[in-house]
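Worksheet: the structure to be examined is printed underneath.
The values are calculated or read from the model by the stated rules, or taken from the named source; none is laboratory data. Not measured: the values here are computed from a predicted model. All Cβ positions, even for glycine, are placed from backbone atoms using ideal geometry, and neighbour counts span all protein chains on display. For accessibility, only protein heavy atoms count, side chains too; no ligands or nucleic acids. Shrake-Rupley method; radii C 1.70, N 1.55, O 1.52, S 1.80 Å.
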Amino acid sequence: MIDYTNVSRCVAQLQEFIALHPEANEVRKALAVKLVYQGYFYEEIQTILGVSPSSLQFWKTSYEKYGIDGLRLQDKEAQKVLIKISQKLKLNDLIDLLNGKYLALRIPNYYPVREAKKISQELIEEKTLERYNRAPDVGVQRTGITFFETSCSVEMLKRYYEQAQVSIQALRKTCFPHLSPLDKLRLELQEIWVPGAHIENIHNQTMLVGVGRVFEDNFELPPHQDVFARDISDVGIPPAHPFDNFVTQLSANIYLQTPKSGGELEVWELKPSIPAREAIRDQEYKYEGILDRNSLPSATLKIKPKVGELILFDSGRIHGVRPCQDGPRVSMSMFIGYRSREKPLTYWS
Ligand SMILES: O=C(O)CCC(=O)C(=O)O
Ligand SMILES: [Fe+2]
């Protein structure tokens, strides 16, 4: 245990930490605290590093209380500021999320835990479960063909539309006699969003909405973005209606079973454009949308979902899921599209 009255020991420890090239924000905190120990006045440090005396005081206390970890508390700080936790789905929270005020909206106990566990058991036994055709080397299985997978061929797009309604009904049946968590979400979106909400119909056909997902143990879902515009252009069949007014896409996940360890959802603040994305692609994976973790800073948020919880975030931001152990991790998922306050929300998978 380091003696925080021993100034030179503290300076050495902080210096050692800085030399490890931690996050820019952590370097700034460690440097600021080191300067305090080296006898600089708060006003001088403020001039050098542009940090307020109150932040300085806070970081120094945090360092003395928790050691170097106290300077890494950024995760918890970020969680406080960048995550909204709410008891129910509310219009204003949704608007704030769409406007980027928060990186994630968490609604714990959105779905009753007992039913969630029952449904997750049914899902695990679902015969249609298979890995994504377009990402066969990622250990995540889903119940129905998703739009993202259809770029492989026109044949796949045909199958997608043929199976869409069958898959929607099958998932509803899996939940029976309980209300499907995704049906609950679809209805609530319709109710809170004044222009309403409906299934996306980009090719004038009913799309799939809702998949059950089972995450295999020891596989990460590597960093990626989910962008409908990109999936549509990949498919090669032009949309039946103008698409240019599509502003934000949200991922909505309701968690039904969580692993003993791992399985955290990571969200980065970053939203790279197509060329920037290509430069950081992870060549190890078949799917070209997977990004190389080593080219990224550490994630802005790391969230351990709870059973029954609903989490919404902008799927255009880089995100991923850490490998889980003693799972599986089971969830239900769909995307939500936002065009403007005057237009209905849409949802699909
Ligand atoms: O399962 C999760 O926590 C998020 C998975 C994901 O990539 C998504 O829903 O877009
Ligand atoms: Fe995703």
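What to note about this one:
- Top positive-direction residue, dipole computed over the stretch 191-263 with Cβ charges, set ASN201, VAL247, THR258: THR258
- Computing FRET efficiency as 1/(1 + (r/R0)^6) for VAL247 and GLN205, where r is the C-beta to C-beta distance and R0 is 25 Å, gives about 0.60.
- Solvent-accessible area of ASP226 with every protein chain in place, 1.4 Å probe, in Å² to the nearest 10: 30
- Ligands, DNA and RNA left out, the 1.4 Å accessible surface of the chain is 52% carbon and sulfur atoms.
- Computed accessible area, GLU125, all protein chains, 1.4 angstrom probe, square angstrom: 130
- Expressed in units of 2.2 N^0.38 Å, where N is the residue count, the Cα radius of gyration of the stretch 7-72 is 0.98.
- VAL321 accessible area, 1.4 Å probe, all protein chains in place, Å² to nearest 10: 10
- Greater than 27 Å apart at Cα, pairs in LYS127/LYS286; LYS184/LYS271; LYS117/LYS304; LYS29/LYS88; LYS117/LYS302; LYS34/LYS260: LYS184/LYS271; LYS29/LYS88; LYS34/LYS260
- Most mobile of ALA252, ALA19, ALA299 in a GNM of the chain (Cα contacts under 10 Å): ALA19
- For the chain, the fraction of C-alpha pairs farther apart than 36 angstrom is 28 percent.
- Averaged over its residues, the chain has an accessible area of 48 Å² per residue, based on protein heavy atoms and a 1.4 Å probe.
- Backbone geometry of the stretch 162-174 corresponds, through the Karplus equation with coefficients 6.51, -1.76 and 1.60 at θ = phi - 60°, to 3J(HN,Hα) couplings of 5, 8, 3, 6, 4, 5, 4, 5, 5, 5, 5, 5, 4 Hz, x marking Gly and Pro.
- Residue ranking by accessible heavy-atom surface, 1.4 Å probe, largest first, among ILE274, ILE336 comes out as ILE274, ILE336.
- Over the chain: helical MRE at 222 nm, DSSP H runs n ≥ 4 each giving -39500 (n - 2.57), nearest 500: -11000 deg cm²/dmol
- Integer Hz, Karplus 6.51/-1.76/1.60 couplings in order for the stretch 42-54, x for Gly and Pro: 3, 5, 5, 5, 4, 5, 6, 9, x, 10, 6, x, 5
- Amide H contacts under 5 Å for LYS286, placed H, 5+ residues apart: ASP137
- Residues GLU44, GLU155, GLU149, GLU216, ordered by accessible area of protein heavy atoms at a 1.4 angstrom probe radius and largest first, appear as GLU155, GLU44, GLU216, GLU149.
- Amide H within-cut-off set for GLU130, under 5 Å, with H built and near neighbours excluded: ARG142
- Amide proton proximity set for HIS198, modelled H, under 5 Å, gap of 5+: LEU345, THR346, TYR347
- With all protein chains in place and ligands, DNA and RNA left out, the 1.4 Å accessible area ranks THR300, THR61, THR248 as THR61, THR300, THR248, largest first.
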